[in-house]
1. Using 0.36 nm times the number of residues separating Leu122 and Glu177, minus their current alpha carbon distance, what extension gain do you get?
2. Once you have the Cα-Cα distance between Glu296 and Asp45, take 0.36 nm times their residue separation minus that, and quote the gain in nm to one decimal.
3. Plugging the Kirkwood radius over Cα pairs into Stokes-Einstein for region 304-453, at a temperature of 10 °C and a viscosity of 1.306 mPa s, what D comes out in µm²/s?
4. Given bins 5 angstrom wide, list per bin the percent of all Cα-Cα distances in region 270-337, short to long.
5. As a test, work out the antiparallel percent of DSSP beta bridges whose residues both lie in the chain, rounded to the nearest 5.
6. Out of every Cα pair in region 406-453, what percent are spaced more than 14 Å from each other?
7. Mean separation of Cα pairs under 8 Å and 6+ residues apart, divided by the residue count of region 287-363: what relative contact order is that in percent?
8. Multiply the residue gap between Arg427 and Arg3 by 0.36 nm, knock off their C-alpha separation, and tell me the result in nm, one decimal place.
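The values are calculated or read from the model by the stated rules, or taken from the named source; none is laboratory data. Treat the numbers as computed from the prediction; the structure is a model and nothing was measured. Counting neighbours? That spans all protein chains shown, and the Cβs are built from the backbone with ideal geometry, glycine included. SASA here: full protein model, heavy atoms, side chains in, ligands and nucleic acids out. Shrake-Rupley method; radii C 1.70, N 1.55, O 1.52, S 1.80 Å.
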Amino acid sequence: MRRVLVVDDEENIRLVLRTLLKKHGYEVEVAEEGEGALSALDSFDPDVILTDVRMPRMGGLDLLAALKAKQHPATVIVMSAYGNVDLAIEAMKAGAYDYVSKPFKPDEIVLALRKAEERETLRRENRALKEQIQKESQFESILAKSRAMLEIFRTISKIADFKATVLITGESGTGKELVARAIHARSGRKGPFVAINCGAIPENLLESELFGHRKGAFTDAGADRRGLFEEANGGALFLDEIGELPLGLQVKLLRVLQEDIIRRLGDTRDIRIDVRIIAATHRDLAADVKAGRFREDLFYRINVLPIHIPPLRSRREDVNLLIDHFISRNNARLGMSIRGLSTEARKELLEYAWPGNVRELENTIERAMVLADKDVLESTDLPERIHEALDPVQVHLASGELSIKRTTAAIEQILIRRALQKTKGNRTRAADLLEISHRALLYKIKDYKITDL
């Protein structure tokens, strides 16, 4: 951090600071006000901008806003006369690193710059550490550090080179396609990775989509068309939600797995293919087999190498990693500069059960970033469903408890604890808030064994 841009409308201040900073080994450029400073950014690209807070036309606050809009990384230190201290504090709230009061001593300026250098060094080291942690926690395009996911990474590495069929199971949003792509990427197979959601295409079109057709095979078949099996030749075909595959097509898929041949609709000849099948489902296929909804012989054919992805709620250590990753990615994609989350917001995200798993977390972070008023995401930026899900009363009611007596007791305990927390343990005031007598409160505290006041 050796390049400093001095911005001040007083010529003597600019001269003094230029001389002082050059003496201490800094490269220095000067500007009379904010607009001149912005013009100098391209040619000089400063590490630090030392600016007066009050200037004609564009002052320090407006300059800060413009720098933030440009996403310029320079550290800003503001200078303010005695009567402008409030403005300097406002500037720090807007993103300035520090302020120096005028009139200043030379040592104060040098010390402020050195503190800024130390801070920037720590930030660089922190960024490098985060990048190293992310690198160590990343497997292909999957980010995780939980024991369960690391075991999946090891399994992928072991099975990737074998053509055997893989069945990936897990709830919606856990990243089944990412695991499938990682298997293909590690396999060394030169052909493409082709994906299809078996539940998203109508049954009457799905066979043609998978196997292709000859011209005239059906009314709209105006030309020969290759199916996805042929498109994936030499590579991998990912059959997402294979549990939705109609029974008739299950028979045809079984033949492909057994013989490595397909036949287009309306054709009389077989085509030999070399395709690795990777299937995925959120359903319990073993139960579907018992219910007659899925063929038993096909189930055993696709379940050669099973991988189960646990839900996000059972691997909390991955949540923090994913939060920071999604913030960083959205900052780059949306041109934003969100620095992180407040302690309370992060705590809520860690406690939430994430029924929609990683996909829900990703969407939640993006929504919060777009709606946020500050560069740190607050609890108030999170969706209401998260607050409702974490409310103790809602948690108890969602447990399925039907006893009025036990539910009333649970709610009473929650309200008593809230009242005591709000009054900092003052039982008389807590009783007033609860609209019960002091004696009744003491009895309930003893009865419920409430000791952590």
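1. 16.0 nm
2. Contour length minus the Cα-Cα distance gives 83.7 nm.
3. Answer, rounded: 87 µm²/s.
4. Final binned percentages: 3, 11, 14, 12, 11, 12, 11, 10, 8, 5, 1, 0.
5. 15
6. Pairs farther apart than 14 Å: 42 percent.
7. Contact order relative to length: 33 percent.
8. Taking Arg427 through Arg3 to full extension adds about 146.6 nm, to one decimal.
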